[in-house]
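Student: Provided herewith is a single structure, encoded as structure tokens, for subsequent inquiry.
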């Protein structure tokens with residue numbers, strides 16, 4: 001009886017331990033071994049020393065894919081925070097139909113990224129896409145949303161912002177609700193303007209939410225895959241190859257398992273470094 | 001003057017809300033429009049046709065993919081709820097050696113980027129012979145670190161006296177979890193259920209890697225391959241029709257349970 005009681009907790013957590021061994025710790029260890037091998041899965045694994053690492057450091061496309069991912073983040077994150085904060089601030093006022101508006105902004109969040117990408121691929125069409133039709137309608141030039149190498153990645157970042165911003169509006173709304181109303185009342189007594197209240201009270205108070213949004217969208221942005229996979233296949237001129245798309249191509253298109261594992265490991269270390277730096281920055285800020 | 005300001009305010013708000021809804025409306029109309037009208041479509045097509053849908057149904061087994069997605073997403077959700085609550089219960093209410101260690105390992109694995117395990121996990125699937133089976137789609141997702149943490153946190157708020165009383169009444173640990181804790185944890189179960197179902201319904205990278213057999217593909221995977229492969233023959237209408245089919249189940253669920261969707265995804269975002 002006493003024995004059963006001692007074993008029981010371990011029985012309960014055993015599924016986790018099995019999962020951790022098979023799907024987390026073994027893959028991590030195995031991926032490190034893989035980086036020293038060449039392997040196409042079919043023929044036997046072949047030891048190749050550090051040649052995968054040498055190849056990586058000479059791989060212009062891989063560094064371009066990391067650069068592309070960073071371009072995506074640099075556009076996506078500030079745009080998303082600005083729009084989400086603006087709309088959350090509006091929805092936080094005493095307005096009618098708040099639930100309806102919130103529900104509308106949130107709609108793209110729940111829909112699959114595949115749907116959103118297929119849809120925006122049409123909207124971004126050069127000749128008959130809705131956006132260019134609107135642009136020519138008001139006398140502007142057509143934009144090569146997905147065919148101009150300089151614009152394609154920003155276009156994808158814009159679409160991703162449209163898809164995700166609803167979630168961040170809701171997160172900011174939660175954050176805004178934590179600001180004590182007395183702060184605003186006191187500011188009103190001193191005759192502060194809307195903008196003053198926003199920059200002096202709201203912004204400092206919801207700093208933690210902003211940092212959370214930055215980290216969440218950084219991790220999300222580093223996983224960018226399906227949008228360029230469907231929309232552009234990585235083109236034009238590799239301008240939209242994201243790091244995950246490039247790893248996917250190396251692994252499952254060319255079957256360079258060892259090299260793809262090397263890219264995955266290297267990229268994961270970059271992600272961890274960026275997130276750790278962001279968290280350190282946050283800790284010193286607060 | 002004040003009234004005019006209010007009207008302008010609501011007008012601007014309505015316009016910005018429409019920016020998020022109108023593209024979906026356009027997609028729906030585009031899927032019903034004849035192919036040659038999509039390029040000029042703004043609000044309503046001149047004539048309505050189901051030809052995009054019938055062509056799509058001829059080309060891809062979308063019905064089978066729908067069933068595959070239901071099977072996969074439901075199995076994962078049920079598994080995550082059962083295993084998550086078992087592990088969360090042990091971590092929050094039982095005393096045993098190594099408990100804190102397991103908790104910190106779970107926290108640590110949450111920060112591990114999936115990019116590092118993607119390739120070796122695929123190789124594990126190959127070695128287990130799970131490629132082109134439901135097992136590859138389901139088993140790796142049955143345990144989810146975030147859900148364990150959320151269950152642990154929620155169970156901590158349930159008083160020990162409730163559990164002790166059940167034990168005195170002769171409940172075993174499984175009965176305590178599923179008969180005593182579950183009915184008292186509905187908010188946690190709804191939140192974890194919704195985010196897990198949504199995430200597995202929308203997952204597409206992993207199915208692309210482990211499923212090649214068209215009859216086993218999930219909906220987003222099938223629609224993705226249809227859109228990027230040559231089979232849509234660059235017809236916009238059939239692509240839009242397939243996207244509508246993919247969006248429909250979740251959007252319908254969203255219309256009924258909007259509040260739960262928004263609350264669940266927000267609280268998951270905050271916990272992560």
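Student: Tell me the label-point distance for the pair residue B:9, residue B:175, using the 7 Å Cα-to-Cβ offset, in nm and rounded to one decimal.
Tutor: Result: 5.9 nm between the two label points.
Student: Specify the angular offset, from 0 to 90 degrees and rounded to the nearest 10, of the alpha carbon long axis of helix B:99-111 from the longest principal axis of the alpha carbons in chain B.
Tutor: Its long axis makes an angle of about 20 degrees.
Student: Per residue of B:93-106, how many C-beta atoms from partner chains lie within 10 Å of its own C-beta, taken as a mean?
Tutor: Average neighbour count from other chains, rounded to a whole number: 3.
Student: List B:179, B:152 from most exposed to least, where exposure is judged by having the fewest other Cβ atoms within 10 Å.
Tutor: B:179, B:152
Student: Kindly put B:251, A:111, A:116 in sequence by how many other C-beta atoms sit within 10 Å of each C-beta, fewest to most. Mind dumping the intermediate values first?
Tutor: On the way: B:251 16, A:111 21, A:116 25.
Placing the least packed residue first, the sequence is B:251, A:111, A:116.
Student: Continuing with the same structure: Hey, what angle do you get for helix B:62-93 against the long axis of chain B, alpha-carbon based, 0 to 90 degrees rounded to 10?
Tutor: 30
Student: Let me ask you something else. Using only the alpha-carbon atoms, how far is helix A:207-222 inclined from the longest principal axis of chain A? Give it as 0 to 90 degrees, nearest 10.
Tutor: Computed tilt is about 40 degrees.
Student: At 0.36 nm per residue, and after removing the present C-alpha to C-alpha distance, how many nm does the segment from residue A:50 to residue A:5 gain when stretched out fully?
Tutor: Stretched out fully, the residue A:50 to residue A:5 stretch lengthens by 11.2 nm.
Student: Could I have the simple spin-label model distance between residue B:94 and residue B:108, label points 7 Å from Cα toward Cβ, reported in nm to one decimal?
Tutor: About 2.2 nm, to one decimal.
Student: Taking the Cβ-Cβ separation of residue A:199 and residue A:95 as r and a Förster radius of 30 Å, what is the calculated FRET efficiency to the nearest 0.05?
Tutor: 0.85
Student: If neighbour count is taken as other Cβ atoms inside 10 Å, put B:219, A:212, A:45, A:153 in order from fewest to most.
Tutor: The fewest-first ordering by Cβ neighbours comes to A:45, A:212, A:153, B:219.
Student: Once you sort the root eigenvalues of the Cα gyration tensor of chain A as a ≥ b ≥ c, which label holds: rounded (a/c under 1.5), prolate (a/b larger than b/c) or oblate (the other case)?
Tutor: Oblate.
Student: Kindly provide the helix-only [θ] at 222 nm of the protein assembly as shown, computed as the sum of -39,500 (n - 2.57) over DSSP H runs of four or more divided by all residues, to the nearest 500 deg cm²/dmol? Mind showing how you got there, number by number?
Tutor: Values: 26 runs with 390 residues, N = 558.
The per-residue figure over the protein assembly as shown is -23000 deg cm²/dmol.
A short reminder: the numbers here are calculations on the coordinates, not readings from a lab. In this text, all values refer to a predicted model and were calculated from it rather than measured experimentally. Glycine also receives a Cβ, built like all others from the backbone with ideal geometry; neighbour counts cover every protein chain displayed.
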